[in-house]
Amino acid sequence: MQRRTFLCTLGVSCLSLCVPQITFAASKALVVYFSKTGEQYGVGVISKGNTAIVAEMIAKKTSADLSEITRVDDTYPKTYQALCDVAKDELTKKVRPKYSMSITDLSGYQTIFIGAPVWWGDWPMVMYSFFEQANLAGKMLIPFCTHEGSGLSEFDKKLAKACPKSRVGQGLAIVGRDAQKHSAKVDTALDGWLKKLAAQGVVF
Ligand SMILES: Cc1cc2nc3c(=O)[nH]c(=O)nc-3n(C[C@H](O)[C@H](O)[C@H](O)COP(=O)(O)O)c2cc1C
């Protein structure tokens, strides 16, 4: 019996017996994301990144904490083409930029949603810094991305390879411009995905 079903069953039987309901609080989830403002493909100059919007929606729907990953000494250009060139160079050289994030103690989180834009068909290199340097062993990691055509780009497989001691859940790809312009569509996609993860017992 899945844990969720078990909890529901337990809740119903407790209620019918008029005994105070026992709940087993699952540990709080965390949503970690990297995202860029400035000029982005298909959306012009944006003040909140596409992935940031999706990350906030996930955190709200799951009552998770939220933590943005930023690059220390962020020298990324604010224009799209220049950013593409820098990102390509980082990918080619497999650089591991220094990162920072507001929540550094991850020990209390068993489930971590991890999101980023697809950059050249891959996670931005700063995300690999996080995968390799944060202690993610034993945790359930659930990838998501925003993109403009490439889809999930094997973010799940790449994450599993970078974090061999973690479990990796089913990922989700959202079209970047939908985050800016079609929030109802994103909302529906997130609900469907979270429902599937819940059915798999991954999130509650
Ligand atoms: C450097 C760079 C590389 C990109 N490479 C891809 C790509 O390979 N495939 C794709 O579908 N979109 C690509 N995009 C588009 C972004 O994934 C998309 O605009 C994303 O939603 C941006 O998210 P953000 O606003 O959170 O940074 C690229 C964008 C940038 C800036």
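Using DSSP, restrict attention to beta bridges with both residues in the chain and report what percent are antiparallel, rounded to the nearest 5.
Numbers: 7 of 28 bridges.
Among the beta bridges of the chain, antiparallel pairing accounts for roughly 25 percent.
Classify region 26-199: rounded, prolate or oblate, from the alpha-carbon gyration tensor (a ≥ b ≥ c, eigenvalue square roots; a/c under 1.5 rounded; otherwise prolate if a/b is larger than b/c)?
Values: a/c = 1.60, a/b = 1.15, b/c = 1.39.
Since a/c reaches 1.5 but b/c is at least a/b, the shape of region 26-199 is classed as oblate.
Rounded to the nearest 10 degrees, the inclination of helix 3-16 to the longest alpha-carbon principal axis of the chain is 40 degrees.
Taking a point 7 angstrom from the Cα of Lys48 along the C-beta vector, which residues in region 108-129 have backbone N less than 18 Å away? Once the point is set 7 Å along Cα→Cβ of Lys48, 115-117 turn out to lie under 18 Å by backbone N, inside region 108-129.
Rounded to the nearest 20 debye, the dipole size of the chain about its Cα centre is 480 debye, using +1 on the Cβ of Lys and Arg and -1 on the Cβ of Asp and Glu. A cut-off under 15 angstrom between Cβ atoms defines the neighbours of Asp65, and their net charge, with Lys, Arg +1 and Asp, Glu -1, is +1.
Take every DSSP beta bridge with both residues inside region 66-178 and express the antiparallel ones as a percent of the total, to the nearest 5. Mind showing how you got there, number by number?
Details: 4 of 17 bridges.
Rounded to the nearest five, the antiparallel share is 25 percent.
Look at the dipole of region 26-199 built from charges on Cβ: of Met101, Ala179, Asn135, the Cα furthest out on the positive end belongs to Asn135. Straightening the chain between Met101 and Lys88 buys 2.3 nm, computed as 0.36 nm per residue apart minus the Cα-Cα spacing.
Bridging of Lys185 to lysines at a Cα separation below 19 Å is possible for Lys48, Lys60, Lys61, Lys195, Lys196, once same-chain residues fewer than 8 apart are set aside.
Work out, step by step, the length gained on full extension between Lys181 and Asp73: first 0.36 nm times the residue separation, then minus their alpha carbon distance; give nm to one decimal. Could the numbers behind the result be given before it?
Details: separation 108, 0.36 × 108 = 38.88 nm, distance 3.05 nm.
Difference between extended and current length: 35.8 nm.
Cross-link partners for Lys165 among the lysines, with Cα-Cα distance under 19 Å and sequence neighbours closer than 8 places in the same chain left out: Lys139, Lys157. For Lys98, the lysines whose Cα falls under 18 Å of its own Cα, not counting residues fewer than eight places away in the same chain, are Lys36, Lys88.
The H on the amide N of Gly169, modeled in the peptide plane, is under 5 Å from the matching H of Leu141, Ile142, each at least 5 residues off or on a different chain.
For region 52-66, the Karplus equation 6.51 cos²θ - 1.76 cosθ + 1.60, evaluated at θ = phi - 60°, returns couplings of 4, 4, 5, 4, 5, 5, 5, 4, 5, 5, 10, 6, 8, 6, 10 Hz by residue, with Gly and Pro reported as x. For region 26-199, what's the relative contact order in percent, using C-alpha pairs closer than 8 Å and at least 6 residues apart? 22 percent. Full extension of the chain between Lys195 and Trp120 gives 24.0 nm of extra length, using 0.36 nm per residue less the Cα-Cα distance.
Since every read-out is calculated from the coordinates, none of them should be taken as a lab result. These numbers were taken from a predicted model, which means no experiment stands behind them. Because the Cβ atoms are built from the backbone with ideal geometry, glycine has one as well, and the counts that use them run over all protein chains shown.
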